[in-house]
Amino acid sequence: MKIWPGNDALPCPGAPPLSHLAAVLALAATACPLIGKTADARDLAAVSGFVAPAYMAMNFAAICTGERGWHASQPRGARGVAVQYAEHVKDEAIDSLTLDEARIVLRLAADAARARARKELHQLLSSTTVTHASAVAAWCNGYVQEYILSFIHEHDNGHDRFLQQLEEAKR
């Protein structure tokens, strides 16, 4: 067996014949797409990170829905209110993912957003010196309004960059 021209090497004792080596290489080549799918799975957490802020805005808006005047004063953008932005971002994030991958991404994003909303409410209610209702109303009209407006602004003004980064996370 020649390893390269001009080198007459003897085959290693016990080495498989070249026909076996070719079969192993063919098998390895067919497994490469499977390896790629495993690598993609590691990026699902990154993809969920693009959805979590949208779900956060949606969760905040849902909490504030009970506040008087929220429906009329809730932040709006070109795509509507927070729930419509969340649906838009979700659709972009899960585009081209398998059903199982989409479920994982959406569950991770929902869990992260829900945990953060709970934490924010807990901090708000445990540190307030006014009634809980007054604290939530002030929070909705201040922090939540600002969060949602900021999310909408960032999404609308950086949409192309958002899509590019999202696609990179999906690779």
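Taking (1) of a type outside the set (S, T, N, Q); (2) surrounded by 11 or more Cβ atoms within 10 Å (Cβ to Cβ); (3) more than 23 Å from Arg68 (Cα to Cα) in turn, Ala135 satisfies each apart from (3). Against the conditions (1) in a helix (DSSP H, G or I); (2) more than 19 Å from Pro75 (Cα to Cα); (3) not small (Gly, Ala, Ser), Thr129 satisfies every one except (1). From the list Ala45, Ala29, Ala62, the lone residue that is in a helix (DSSP H, G or I), at pLDDT below 50 and out of contact with any Asp or Glu (no Cβ under 6 Å at 6 or more places or on another chain) is Ala29. Taking into account only those residues within the stretch 59-77 that are surrounded by fewer than 17 Cβ atoms within 10 Å (Cβ to Cβ) and charged (D, E, K, R), which is farthest from Glu154 (Cα to Cα)? Filtering first and then ranking leaves Arg68. From the list Leu97, Leu124, Leu106, the lone residue that is part of a loop (DSSP other than H, G, I, E, B) and surrounded by 12 or more Cβ atoms within 10 Å (Cβ to Cβ) is Leu97. Hey, does the stretch 115-127 have a residue that's touching a helix residue (DSSP H, G or I) at 6+ places or on another chain (Cβ under 9 Å) and under 18 Å from Leu163 (Cα atoms)? For the stretch 115-127, residues touching a helix residue (DSSP H, G or I) at 6+ places or on another chain (Cβ under 9 Å) and under 18 Å from Leu163 (Cα atoms): absent.
The values are calculated or read from the model by the stated rules, or taken from the named source; none is laboratory data. Small disclaimer: the values here were computed from a predicted structure and weren't measured. As a convention, Cβ positions derive from the backbone with ideal geometry for all residues, glycine included, and neighbour counts pool all protein chains shown.
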